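> Here it is, the structure in full.
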Amino acid sequence: MPVLIGPLQVLIALLPAILLSLVAALTSLMLAMLRPKVLWLLAKVLAVAAVALAGVVFLVRSILPAGQPAIAAAAVADADWPMFRGGLARRGAGDGPAPTSGGLNWSFMGGGPKYYSSPAFVGGLVYATSADKGPLHDRGAIHCIDAASGSPIWSQAPTGYRATFSSPALAGTYLVCGEGLHDTTSARVVCMDVGAGGRILWTHATKSHVESTPCIAGDRVYVGAGDDGYYCFNLTPGADGAARVIWHAPGDRFPDAETSPAVHDGLMFAGLGLGGKAVIALDAATGAERWRRETPYPVFGPPTVVDGAVIVGMGNGDFIYSAGELERRELARLRDKGAAPDEIAAAEKALGPAGEIWCLDQKTGSVRWTFAAGDTILGAVAAADDRLYFGGRDGRVTCLSLAGEPLGTWNARAPIVTSPAFAAGHLYVVTETGMLYGLRADDMSVVWETRVGFSGRFLSSPTVGGGRVYVGSEENGLLCLGRPGDNRRPPGWDGLLGGPGRGGSIDGQSLPDKGKFSWRYPDAAAEGTAVQIVAPPACLDGRLYVPLTGGRKGLVCLTEVTGDNGQAVGAEAWFAAATNGAVLSPAASGANVFFVDGTSGDAGRAVHCLTAETGSERWTLPVADAASGALVLAAGGGLVADIPDGLSCFDDDGRVLWRTRPGRVIGMQATEDALVVAACAEPAAVVVLDRPTGAVLWHKPLAAAPATGPVVRDAAILLGTTVGASALRLRDGESIWEATTGRPSGPLALAKTRLLYTSDAGELVSIDVDTGAAAETAISGVPAGIGPLLAPGTVLVASATGLLAAPLAGGEPRSWMKTDWLGRPTCGLVMATTGSIQ
């Protein structure tokens, strides 16, 4: 096949990125102008540009001669990538730090835009296969690319090599790969010398397709060949240059040999798909069957070997068709042929969405444990730090112990057919919708997300190396994404009760078994000043910022000191006066504290930015008399509902970056990466904005008006409404669930898998964030507007007699502290870093 060389190859690789940049620029301009005639003109310009670029690509490719030698030989790396995902633990990662920020670094489209394979990362080089297949052509190649720059090192393939799903395996100077897609016949196994620029050492034609990624062990390589079973070859060719087959386990005994095998302790482990439905162990030396464990579902997931066990995923469905799609096709086939009702009923029972993880003893094949998943698991299970991680078609990323006990889950809300990568305490997963997510492995929280593409199939599993993620796409080629570094903001008190969903605590501080009184502000001697505190304070870095109105109006900063009697007291560090008083909760960052004075209807209101150390005023930003004034901080500034029918985004110096008018904003806005989510009334809707520009990305009308601001979790928007709560997809606003659980009387609190709030009826409501199912109410009589306080495993709520503590998982509450002698609470509870409740 043609191999592009020198600067022209670099040009070809860059042309798609240039086209994407042109598309983005023109799209932004169209959104800004939004006039039909302009849109039509720009669309024509875009079409002409696309044709021109395509013509250049065709011209350059057509003038290059076929069969050119590779431009350079890749250096032989010290490390290897001998099997799918790099090793027996299937982590899909080389050396280097975890990428946690950034976007596209480069894209490589040599060989066309389609890359279904999962890259191998060895010695600063990336290896992948391309799949350029259309109605009139079918070609592929194996590529070696510089990981840092995306520059091509070499591209090679045997004559007639076809579009390929199989991923390269490397050991020393050897690279072995399969050929073809699922409908390919007579596909080959290919062995190359990477030290000689990808020189072909040998090929071997099978009787089926070779989507399996080979496994190199010692001087042998093992690979599945679909309906032709499993093969074992010697890495070196025979004297005649042909492949040396050590053994062949034929397809009649080992049908649908699709999985990428693993070799360990003299055994080759693999799975069998639709025709076999089993996990098998063959003697690595002879191919003799050592054990076979039949399974209820096809096994396409590659086996992971850890702790003397073989761990494998399975289920109905494949990379192209979900279980539901396959079920519909099969039932239609049965009905068309006039199958009996009992045969159709049996098929319906057997073919529905289902998946499992099995753990088998590697010596005997006996089942140690199984774990039922919501849908099929097609990717590998990644093993790291005595934990197992996998994704499934149900959209969930799950963490299990080595004993099969569930430790955590995260819902991407989009199918996952790829394998996760594990690197430096982080997980990386790609969804069918083209999103790449980086999660903290310890708590499954999202720390970074970016897009691989907007359309096409996303079958390539992410590979991490050198602080970057490498992954293929169907329309954008092979991509390098991300960079090392922590893109998380320093902890801050972002707004009311700590910010959207924080529930009055930002640092995960545990509660003591019992509460006890420490101090009060103002103290009993100062009660004659008639100070009123009607909004929760902000707590950060040992300081408590308390909004005051009534006899004293403004914001006071308190610190805890030891009094003359040796007891802790709250001492004023500074006070900032405000004519309208402070009736809204403040927000605080490390250096600054923010508050909006007054309430809707007051004149001369403003956002005040003060220095946290002294309380001196840095700047103010006007707030309209009729605006709600809801304030929330975000990276580099914040958002405020400073106009009656909209909101503004400001930077750290008080400059307004943009202002938009989607409607009257309810509660705090939520931010997620480059998005702003706002709940609006008049009209009732959820609006998602582009944070850098304020442009409306989508606007979703609501059947029930919002009663709270939104909270974002796992690509979902959670919202309190006039009838209860609802969840919508972040990407398009489509409904996930609705719960008729009573109107919230205050902000929502999010505790991992539970959404909690206090209803107008005074009940504590707890909802499963994934399903919308509400737990049975165990606590009632909670004062309206006083929401729950969250702590690890516990929720604290106010009652008529005091504070009650209840397990988050459900159960009867217990008395935590008597507070009726202090009077009725006037605002929500917050917990400072010292563990004290305010």
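> Between 0 and 90 degrees, rounded to the nearest ten: what's the tilt of helix 36-63 against the longest Cα principal axis of the chain?
30 degrees
> Between N234 and R457, how high is the FRET efficiency from 1/(1 + (r/R0)^6) when r is the Cβ-Cβ distance and R₀ = 56 Å? Nearest 0.05.
Working: r = 35 Å, r/R0 = 0.63.
That pair, N234 with R457, gives E of 0.95.
> Tell me which of F269, F454, A791 sits at the most positive position along the dipole axis of the chain, charges placed on C-beta atoms (Lys, Arg +1; Asp, Glu -1).
F454
> While we're on this one: More than 15 Å apart: what percent of Cα pairs in the range 512-581 qualify?
59 percent
> Roughly how many Å is it from the Cα centre of the range 702-743 to that of the range 628-654, as a whole number?
First find each Cα centre; the distance between them is then 22 Å.
> Nearest 0.05, what FRET efficiency do A681 and D602 give at R0 = 22 Å with Cβ-Cβ as r? Working shown, then result.
Values: r = 20 Å, r/R0 = 0.93.
The calculated FRET efficiency here is 0.60.
> Subtracting the Cα-Cα distance from 0.36 nm times the residue separation, let me have the gained length for R814 to T614 in nm, one decimal.
Working: separation 200, 0.36 × 200 = 72.00 nm, distance 4.10 nm.
Result for the pair: 67.9 nm of gain on full extension.
> If you count only protein heavy atoms with a 1.4 Å probe, what accessible area per residue comes out for the chain, rounded to a whole Å²?
Numbers: 32890 Å² over 838 residues.
Roughly 39 Å² per residue, with all protein chains present.
> Normalise the Cα radius of gyration of the range 703-837 by 2.2 N^0.38 Å (N = residues in it) and let me know the number. Present the calculation step by step, with values, prior to reporting the outcome.
Values: Rg = 14.7 Å, N = 135, 2.2 N^0.38 = 14.2 Å.
That works out to 1.04 for the range 703-837.
> From the backbone phi of the range 145-153, what are the Karplus-calculated ³J(HN,Hα) couplings (6.51 cos²θ - 1.76 cosθ + 1.60, θ = phi - 60°) in whole Hz, Gly and Pro given as x?
With the stated coefficients, the range 145-153 comes to 10, 5, 5, 6, 10, x, 6, x, 9 Hz.
> Compare the Cα positions of A332, G467, A568 along the charge dipole of the chain (+1 at Cβ of Lys, Arg; -1 at Cβ of Asp, Glu; about the Cα centre) and return the one farthest towards the positive end.
Checking the options against the dipole of the chain, the answer is A332.
> Mind pulling the angle between the C-alpha long axis of helix 6-33 and the longest principal axis of the chain? Nearest 10 degrees, somewhere in 0 to 90.
It is inclined by approximately 30 degrees.
> Please work out the FRET efficiency for the pair A340 and K516, using the Cβ-Cβ distance as r and a Förster radius of 51 Å; give the result to the nearest 0.05.
On the way: r = 73 Å, r/R0 = 1.43.
Efficiency for this residue pair is about 0.10.
> Ranked highest first by the average count of other Cβ atoms within 10 Å around their residues, in what order do 796-806, 581-591, 689-699, 117-127 fall?
Details: 796-806: 19.3, 581-591: 22.6, 689-699: 16.6, 117-127: 25.8.
Per-residue Cβ counts within 10 Å, averaged per peptide and sorted highest first, yield 117-127, 581-591, 796-806, 689-699.
> What is the Cα centroid distance between the range 107-125 and the range 418-433, reported in whole angstrom?
17 Å
> Can you give the Rg to Rh ratio of the range 313-398, both from alpha-carbon atoms, with Rh computed by the Kirkwood formula?
On the way: Rg = 15.9 Å, Rh = 14.5 Å.
The Rg/Rh ratio comes out at 1.10.
> On full extension of the chain, what length is gained from D386 through H137, given 0.36 nm per residue of separation minus the C-alpha to C-alpha distance? All intermediate terms of the calculation are to be shown ahead of the outcome.
Details: separation 249, 0.36 × 249 = 89.64 nm, distance 4.64 nm.
Once the chain is fully extended between D386 and H137, it gains 85.0 nm.
> On full extension of the chain, what length is gained from L274 through L822, given 0.36 nm per residue of separation minus the C-alpha to C-alpha distance?
Details: separation 548, 0.36 × 548 = 197.28 nm, distance 6.88 nm.
Once the chain is fully extended between L274 and L822, it gains 190.4 nm.
> With each label point set 7 Å from Cα along the Cα-Cβ vector, what nm distance links A196 and A530?
About 9.6 nm, to one decimal.
> Let me ask something else about it. Using modelled amide H (1.01 Å from N, peptide plane; none on Pro or chain starts), what sits under 5 Å from the amide H of A380, excluding residues fewer than 5 places away?
S419
> Work out the length of the dipole vector of the chain about its Cα centre, built from +1 on the beta-carbon of each Lys and Arg and -1 on the beta-carbon of each Asp and Glu, and round it to the nearest 20 debye. Could you put the intermediate results ahead of the total?
Working: 64 positive and 78 negative charges, 242 e Å.
My answer is approximately 1160 debye.
> A follow-up question, please. I'd like the orientation of helix 323-336 relative to the chain: the angle between its Cα long axis and the longest Cα principal axis, in ° from 0 to 90, rounded to 10.
With rounding to tens, the tilt is 60 degrees.
> If you don't mind, there's one more thing I want to ask. If eta is 1.306 mPa s and T is 10 °C, what Stokes-Einstein diffusion coefficient results for the range 677-720, Kirkwood Rh from Cα pairs, in µm²/s? Kindly include the intermediate steps, with their values, before the conclusion.
On the way: Rh = 10.8 Å.
In µm²/s, the coefficient is 147.
> Same structure, new question: Report the relative contact order of the chain, percent, no decimals, based on alpha-carbon pairs under 8 angstrom and at least 6 residues apart. If you can, show how the numbers build up before the last one.
Values: 2352 pairs, mean separation 63.2, N = 838.
After rounding, I find 8 percent.
> Tell me, what % of the accessible area of the range 703-837 is carbon and sulfur with a 1.4 angstrom probe?
On the way: 2690 of 5240 Å².
Taking all protein chains in place, the range 703-837 shows 51 percent carbon and sulfur surface.
> Non-local amide H neighbours of S799 (under 5 Å, H modeled in plane, Pro and chain starts lacking H): which ones?
Correct list: L804.
> Right, another one. Could you order peptides 92-99, 467-474 by the average number of other Cβ atoms within 10 Å of their residues, highest first?
Order by mean packing, descending: 467-474, 92-99.
> Distance between the C-alpha centers of the range 313-384 and the range 201-233? Whole Å please.
Cα centres, the range 313-384 to the range 201-233: 25 Å.
The values are calculated or read from the model by the stated rules, or taken from the named source; none is laboratory data. For clarity, every value in this text was computed on a predicted model and none was experimentally measured. Because the Cβ atoms are built from the backbone with ideal geometry, glycine has one as well, and the counts that use them run over all protein chains shown. The protein model used for the area step is the full one, side chains on, heavy atoms only, and it has no ligands, DNA or RNA in it. Shrake-Rupley method; radii C 1.70, N 1.55, O 1.52, S 1.80 Å.
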